[in-house]
């Protein structure tokens, strides 16, 4: 393409962008929040449990007790995550808090395989990127050094992990969203998981297996959850994995229930530690979930209704990206079969500029670099798109605007390079 | 009393105790749990919020957001604790977790007035005794040295606090249940509070003002909550106090909502720290509480109904203690005007024995020493009585049994001393 052609394109894009700014938009593609229509799917829960406050196993859920949660909910989670009810406990409203607390307990005490508290030495975490900003926020907050690892379509780059772990026993943990990963939508394969579990590492190395989107499929052929605790045991590292999950994007965001699954030794350690902080989770909310979801089949049926609402939104984003940027070859994006995000890579060095342009046009995008440790995207190219919360019309307008901003930024860079 | 008389009394008590054991009791006076009839008072909440899931200020409580909680609930708490809505935030289901998290954040980062993290040095807490076992559990868990302070009817022994604080800048905190204290029922007076707030201490010294029983009165003339944050400000130590509270013993135990009130600087510090761990508390449960309790007057009206149920139980315990042990002068006990406990002091050196005898007779009492740091009652004399959970009949049988065990233990000691 000649400079002249580029200039013409840029002029067209600038006009389009000016029109966008003139429209006075106020649209938000930042966070992975369910839309109001998705929340409506769980409306019956808002009147539960009513008079039916005794759990099936006979617990008065209105009173204190039971730090590991209702057995009936543990059974549902145990099936959802292929971890089994005995190795799965049901907790409060935020799986992120469970991850946070496990890191805090490890810093102050060490885990079951630690020789000393994590906090007694400089330690590091492996971070598949792009990844989940709130994961990185916890490790950054506690001064844990984060090392970027490529997140590939089949999972994290295990060869890179192997080398780092072999060289450095101060690597104590790894963040990982194994199913429909945030923001790529990639899912860890059985093979990659097995290799990761088998790696030589510090005895107290832990994979934070945040299966937040285990059942959040957009397709018929959803992957079965890997029996990751069994696989860890087979690999001879039975304490290596903490499995996390919640119903935040199944029932109500922020008013759901969280799960933790791990080896018995890890669960005993966690339960002992958390018992200093709380008498137990909100069992009434747990009961409400048991009554509404019933079992893992009930969860899957419920998720099919979510899919009906959000799959068209994902398709719309993909259609607009293809329509606006498919020919130009200046961007690439993932086509997730589940989860809550689409990961868009624009021309290197233009993500921050694209996001700034969009902001000025009234379209809020997740801050540049958010999907990377220290909020630093080494290529300044990644943009996380969250399609679920806006209405279809808002989403169409916003995505078209994002495409304009990305293309405009790209032409600027290309012209600068001339 | 002659040895002969004592022997006769012991023989009678032994017979009475043998009959108690033969009765095959299974009674529990251990924890401060509300009874089922108390929980019934909040039955309407079990069907809330129904369709009414938008908060009065317009928030869709079903979705993410709002780490400081619903303003409407903050207003209720702000009045209940005389801390004002702005300096009061509404959180999750457990105030104990908030206390725990504040200690963890302080250990790992230090508080707003710390020169270095609490965890970077040996530190100590002042512990009014007898006190709340779960408080002491947190500080013990994190290796914070605990120093016993006498809890008097007007509050902690401030002279002792003054001397310790003047001598030792490593004292960083103090536990305190200011209203109807666990287990004595004592309430901190305005004068004691002011003196405590004015004491010279390390800049980052904090009073953990756990106002768990702020509205849990058993009498008409309930003490108004002290405006403790204003008082701290007047004393020139505006960051000294963290106020905690919850509705666990107002609505549902373990399924209530917690509050934290403090200076703006402290709240900002807490909010910044907790934001790494959670997107926010369960707003649906907060809304449910707002709808049911309405305002601080609604809380007080609700507590009056609790009082109708539990005041007779407290009176029954006091009547039995007076009837069985009033003349013998071998025990003393508190007569609380609120809260959840009666503190019984038996003959020095006989609390553990009394509790063991009761256990063998099928009456569970809180473990000996529980109300003291390191579970060590220096005089082995304190027994915490929790009257609320058993039925009246169970309570009568259990307390009569406890009196028998205490008297039997006392006669043993007196005979041994001959």
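All of (1) within 14 Å of chain B (Cβ to nearest Cβ); (2) without any contact (Cβ under 8 Å) to a residue 24 or more places away in the chain hold for residue A:109 with one exception: (2).
Report whether or not residue A:299 is touching a strand residue (DSSP E or B) at 6+ places or on another chain (Cβ under 9 Å), in contact (Cβ under 8 Å) with a residue 24 or more places away in the chain and assigned to a helix (DSSP H, G or I). Answer is no for this residue. Of the residues screened, residue A:294 is one that is within 17 Å of residue A:53 (Cα to Cα) and either within 14 Å of chain B (Cβ to nearest Cβ) or modelled with pLDDT of 95 or more (or both). Evaluated against (1) under 30 Å from residue B:251 (Cα atoms); (2) surrounded by fewer than 22 Cβ atoms within 10 Å (Cβ to Cβ); (3) within 11 Å of chain B (Cβ to nearest Cβ), residue A:93 falls short on exactly one condition, (2).
Against the list (1) surrounded by fewer than 20 Cβ atoms within 10 Å (Cβ to Cβ); (2) outside the structural domain of residue A:76 (by TED's automatic domain parsing); (3) on the phi < 0 side of the Ramachandran plot, the condition residue A:329 fails is (3).
Return yes when residue A:166 is within 15 Å of residue A:232 (Cβ to Cβ), out of contact with any helix residue (DSSP H, G or I) (no Cβ under 8 Å at 6 or more places or on another chain) and surrounded by fewer than 24 Cβ atoms within 10 Å (Cβ to Cβ) and no when it is not. Spelling it out, it is not the case that residue A:166 is within 15 Å of residue A:232 (Cβ to Cβ), out of contact with any helix residue (DSSP H, G or I) (no Cβ under 8 Å at 6 or more places or on another chain) and surrounded by fewer than 24 Cβ atoms within 10 Å (Cβ to Cβ). Looking at the structure I just gave you, is residue B:69 closer than 18 Å to residue B:247 by Cα, in contact with a strand residue (DSSP E or B) (Cβ under 6 Å, 6 or more places away or on another chain), assigned to a loop (DSSP other than H, G, I, E, B) and more than 8 Å from chain A (Cβ to nearest Cβ)? Considered against the rule, which asks whether it is closer than 18 Å to residue B:247 by Cα, in contact with a strand residue (DSSP E or B) (Cβ under 6 Å, 6 or more places away or on another chain), assigned to a loop (DSSP other than H, G, I, E, B) and more than 8 Å from chain A (Cβ to nearest Cβ), residue B:69 comes out as yes.
None of B:387, B:378 is closer than 21 Å to residue B:28 by Cβ and at pLDDT 95 or above except B:387.
Flag set for residue B:320, criterion: buried (at least 17 other Cβ atoms within 10 Å of the Cβ), in the same structural domain as residue B:403 (by TED's automatic domain parsing) and not in a loop (DSSP other than H, G, I, E, B). Among the helices (runs of 4 or more DSSP H) confined to the stretch A:181-276, the ones with at least 1 residues that are in contact with a strand residue (DSSP E or B) (Cβ under 6 Å, 6 or more places away or on another chain) and crowded, with 23+ Cβ neighbours inside 10 Å are located at A:228-234. All conditions but one from (1) under 26 Å from the mean Cα position of the chain (by Cα); (2) not assigned by TED's automatic domain parsing to the domain that holds residue B:253 apply to residue B:130; the one that does not is (2). Count of the stretch B:355-377 residues, restricted to those that are in contact (Cβ under 8 Å) with a residue 24 or more places away in the chain, over 16 Å from residue B:183 (Cβ atoms) and in a helix (DSSP H, G or I), is 4.
Filtered by the rule that a residue be at pLDDT below 95 and exposed (fewer than 15 other Cβ atoms within 10 Å of the Cβ), the stretch A:392-418 gives A:415, A:416, A:417, A:418. Picking from residues in the stretch B:123-144 that are within 14 Å of residue B:205 (Cα to Cα) and out of contact with any helix residue (DSSP H, G or I) (no Cβ under 7 Å at 6 or more places or on another chain), the one that is surrounded by the fewest Cβ atoms within 10 Å (Cβ to Cβ) is B:124.
Of the residues making up the stretch B:11-34, one or more are touching a helix residue (DSSP H, G or I) at 6+ places or on another chain (Cβ under 8 Å), modelled with pLDDT of 95 or more and within 14 Å of chain A (Cβ to nearest Cβ). Among the residues of the stretch A:148-156, are any buried (at least 21 other Cβ atoms within 10 Å of the Cβ) and within 14 Å of chain B (Cβ to nearest Cβ)? Looking through the stretch A:148-156, none of the residues is buried (at least 21 other Cβ atoms within 10 Å of the Cβ) and within 14 Å of chain B (Cβ to nearest Cβ).
Residue by residue, here is whether (1) under 30 Å from residue A:245 (Cβ atoms); (2) away from chain A (no Cβ under 14 Å); (3) in contact with a helix residue (DSSP H, G or I) (Cβ under 9 Å, 6 or more places away or on another chain) holds:
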| position | (1), (2), (3) |
| --- | --- |
| B:199 | no, yes, yes |
| B:215 | no, yes, yes |
| B:230 | no, yes, no |
| B:241 | no, yes, yes |
| B:260 | yes, yes, yes |
| B:263 | no, yes, yes |
| B:279 | yes, no, yes |
| B:284 | yes, no, yes |
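Going through the stretch B:35-57 one residue at a time, which ones are in contact (Cβ under 8 Å) with a residue 40 or more places away in the chain and away from chain A (no Cβ under 14 Å)? Once the filter is applied, which keeps residues that are in contact (Cβ under 8 Å) with a residue 40 or more places away in the chain and away from chain A (no Cβ under 14 Å), the stretch B:35-57 yields only B:56.
Does the stretch A:120-133 include one or more residues that are part of a helix (DSSP H, G or I) and in contact with a strand residue (DSSP E or B) (Cβ under 7 Å, 6 or more places away or on another chain)? Among the residues of the stretch A:120-133, not one is part of a helix (DSSP H, G or I) and in contact with a strand residue (DSSP E or B) (Cβ under 7 Å, 6 or more places away or on another chain), which makes the answer no.
Quick one: residue B:335 ticks every box in (1) more than 14 Å from chain A (Cβ to nearest Cβ); (2) part of a loop (DSSP other than H, G, I, E, B); (3) surrounded by 17 or more Cβ atoms within 10 Å (Cβ to Cβ); (4) under 23 Å from the mean Cα position of the chain (by Cα) except a single one, so which number is it? With respect to (1) more than 14 Å from chain A (Cβ to nearest Cβ); (2) part of a loop (DSSP other than H, G, I, E, B); (3) surrounded by 17 or more Cβ atoms within 10 Å (Cβ to Cβ); (4) under 23 Å from the mean Cα position of the chain (by Cα), residue B:335 is out only on (3).
The values are calculated or read from the model by the stated rules, or taken from the named source; none is laboratory data. Given the structure is predicted, the values throughout are model-derived calculations rather than measurements. Because the Cβ atoms are built from the backbone with ideal geometry, glycine has one as well, and the counts that use them run over all protein chains shown.
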